[in-house]
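Just so it is clear, none of the values below were taken in a lab; they were calculated from the coordinates. On a predicted model such as this, the values are computed, not experimentally measured, just so you know. Positions of Cβ are generated from backbone atoms using ideal geometry, with glycine treated the same way; all protein chains shown enter the neighbour counts.
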Amino acid sequence: MGVKNRVWLYCIFGFLLGVVIASAFYSNLLLYITLSNKCPESVPMHTMPQTVALANASQRLVTVHVPIVAVNQYEGKGVVGNLTLRLIPGNSNVLIDTNPFVDTGLQYSANLAVTVAKLKTKNYAPNYDFILSYEVPAQVVGGESAGAATTIATIAALEGKRIKQGVLITGTINQDGSIGRVGGILEKAKAAAESGYKLFLVPKGQSTITYYERVIEPHSFGFGFVLYNNRYVPKTIDLAEVAKEEWGLEIKEVGTIEEALAYMVE
């Protein structure tokens, strides 16, 4: 066999050997990718880290709606709105929609609520951002009275649970998960009843309220002159009893976020 023929033979042999090696390499790579994609599905959900479970849930768009109640700062009347919480891929940031404008008290409360929810669920969701949108018929949304509602919405999102219908809550949230006192309970209860809610959750000790009732007292000075004196007299009522009898609204006191969850999440 000539030199030229041997060169061609070596070239053909080298080419075939390269094809065999490349085929084996890519076959193993394809098998590895296939098995890697199947691994999470082969692990039972209860043994998976919660962040993995959340990642799977996020593909279905994690969005939670929870009602909130406030007092209109200009009219002094209770108003019912809505809080929407969305989870998106990110770096565990808390992002708040500023339309309408939200004050620093609400911003602090929202960040604290998300932190408490992470601690309660033991799910820190490091690869997700929390988008909060407060829809309230007011020019400015402020205060910390939506803290408990925000915490409940966040826990529901992290655990893949639903918010029950017909239930409304007001209350701040503390670092230990306790629910703090708020103002405007009477106005908020009226708004809840007018909006068709059947159960209103309030902080411990706030189902009994004291308010000041205006009293007008006439004083006669003779010759037909009468001076009317206005004064305000404190009056204490059992709001739970009044709300049930007059509005058909049940009021329950809750002291911790766990107690509130039992009423609001399913």
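Things to note:
- Amide proton proximity set for Val62, modelled H, under 5 Å, gap of 5+: Leu87
- Ordering of 73-83, 145-155, 253-263 by packing is 145-155, 253-263, 73-83, highest average first (other Cβ atoms within 10 Å, averaged per residue).
- Relative protection proxy for 212-222, 234-244, 159-169, from highest mean packing down: 159-169, 234-244, 212-222 (other beta-carbon atoms within 10 angstrom).
- The phi torsions of region 108-113, fed into the Karplus equation with coefficients 6.51, -1.76 and 1.60 and a -60° offset, translate into couplings of 4, 4, 5, 5, 5, 4 Hz, rounded to whole numbers, with Gly and Pro shown as x.
- In this structure the amide hydrogen of Val254, modeled in the peptide plane, comes within under 5 Å of the amide hydrogens of Val202, Lys204, none closer than 5 places in sequence on its chain.
- Proximity of backbone amide H atoms, modeled 1.01 Å from N, is registered between Val94 and Phe130 at under 5 Å, excluding neighbours fewer than 5 places apart on the same chain.
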